[in-house]
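Everything below concerns the one structure shown next.
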Amino acid sequence: MSLTLPLVARGKVREVYDAGDDRLLLVASDRISAYDHVLPTPIPDKGRVLTQLSVWWFDQLAPVLSSFGASHHLVSASDVPAEVAGRAMLVRRLEMLPVECVARGYLSGSGTVEYQRTGSIRDVPLPAGLVEGSRLPEPVFTPSTKAEQGEHDEAIDFAAVVAAVGSERAEQLRELTLALYRRGAEVALDAGIVLADTKVEFGLADSALVLGDELLTPDSSRFWPATLWSPGGVQPSYDKQYVRDWLTSSGWDRVSPPPELPADVVAATRERYVTAYERLTGTPFR
C-alpha cells in the first residue's frame, strides 16, 4: 500500500498522512500490537473492522458529544484514496491532549492487578470483594499517560490530568469519557455484548474539545459475550485479549521480539473482530 500523500506519523497500527487544508488521512493497517509490541503477524481485515466500526460509533455517539459542546474528528470515510477505501478516514487535524482517557465498568486486566494490591485503581477506591470480571457499582475514570511507541502507558491519578490540561478541561474529559462509556455500554448490551472498558483520546480544534483516533473498537475496548459473562476469571472476548492470552501461554518474555502467531490464532482473532462488528452494527462485514 503506497500513497502519494506526505506521511506525518506511523503508529503501532495506523499511518497518518497530510491531506491538506487542516485534514489528515488516518489509515488503519492489519498490524496488531500487544504488551507494547507490534506483532510480526497481521490479522486480515483488522484495519477495515477498526475503521468501519469507529465510523459507526461516531454516528451513534454524536449526540453525547454535542451535549458536552464537543464533536468528533471524522470528516469522511468515503472521500479517501481508492487503495485505502474501507480502512481510512479523512479527519480534522487536532492538537491532541497528552492523556489517555480510560473508562471502566468492569474489573479486568491491569485494573484487577492494581485492585488486588491496593483496593483501588490509582486514586479511585473500589469496594472490597471484587474479582476479575466483576461489574463495578459505577463506571470509573482511570486515565493513563500517552506513551511513545515502544514505551509503556502508565496509569495516573486525576491530579496528574489536572496538571497536564488544567482543572476545567480535566473535569470535562472525565465527565465526557464516562458519558461516552455509559451510552456505548447500553448500545453494546442491546447487541448482547458487555463493554467492560474502553480508551478514548481527545484533541482541540480552535480550543473546542474533539474526540479523535478510534472509538469503541476491539483494539481500544474489552468486549465480552453477555451470555457468557461470569465474574471470577478471564472472560471470553471479542477483542485482542485472545492474542494476549496466547502470547502469555507461549512463554514469550515480553522483552525479546514477539513470536509469529499461528494460523489458527490469526483466524480466531479475525473472527472475533468481525463478530464484534456484526453484532454491534447488526450488519454483515464486507
Handout entry: Cα-projected label distance for Asp190 with Arg279, points at 7 Å along beta-carbon direction, nm
Key = 1.7 nm
Problem - Long-range amide H partners of Asp239 with built H, under 5 Å - result: Phe223
Practice task
Provide the net charge surrounding Pro125, with neighbours chosen by a C-beta distance below 14 Å and charges set as Lys +1, Arg +1, Asp -1, Glu -1.
Solution key: -1
Exercise for the section: Using a Förster distance of 35 angstrom, determine the FRET efficiency expected from the C-beta separation of Glu138 and Leu7, and round it to 0.05. Expected result: 0.25
Handout entry: Whole-number D in µm²/s for segment 1-156 (Stokes-Einstein; Kirkwood sum over Cα pairs; 37 °C, 0.692 mPa s)
Key = 183 µm²/s
Handout entry: Potential lengthening between Ser230 and Asp123 on full extension [0.36 nm per residue; Cα-Cα distance subtracted]
Key = 35.8 nm
Practice task
Name the residues whose placed amide hydrogens come within less than 5 Å of the amide hydrogen of Gly212, ignoring near sequence neighbours (fewer than 5 apart) on the same chain.
Solution key: Glu201, Phe202, Gly203
Completion exercise
Taking only C-alpha positions in segment 210-286, Rg and Dmax in angstrom work out to 14.3, 41
Problem - Kirkwood Rh and Cα Rg combined as Rg over Rh, evaluated for segment 145-286 - result: 1.00
Handout entry: Nitroxide proxy distance, nm - points 7 Å out along Cα→Cβ at Glu95 and Ala82
Key = 4.0 nm
Exercise for the section: List the relative contact order of segment 95-238 as a percent without decimals, with contacts defined as Cα pairs under 8 Å and 6+ residues apart. Expected result: 28 percent
Exercise for the section: Run the dipole for the chain about the Cα centre, Lys and Arg Cβ at +1, Asp and Glu Cβ at -1, nothing else charged, and hand back the magnitude in debye, nearest 20. Expected result: 460 debye
Handout entry: Volume per residue that the Cα convex hull of segment 9-92 spans, once the total is divided by residue count, Å³
Key = 115 Å³
Completion exercise
Computed ³J(HN,Hα) along segment 116-125: with the Karplus parameters 6.51/-1.76/1.60, θ = phi - 60°, integer Hz and x for glycine or proline, the list is 5, 8, 10, x, 8, 10, 6, 9, 9, x
Problem - Zero-based 5 Å bins, Cα pair distances in the chain, whole percents - result: 1, 5, 12, 16, 19, 19, 15, 9, 3, 1, 0, 0
Exercise for the section: Work out the length of the dipole vector of segment 57-172 about its Cα centre, built from +1 on the beta-carbon of each Lys and Arg and -1 on the beta-carbon of each Asp and Glu, and round it to the nearest 20 debye. Expected result: 200 debye
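Values quoted throughout were computed directly from the atomic coordinates according to the rules given, and no laboratory measurement underlies them. All figures in this text were calculated on a predicted structure; none of them were measured in a lab. Cβ: placed from backbone, ideal geometry, glycine included. Neighbour counts: every protein chain shown.
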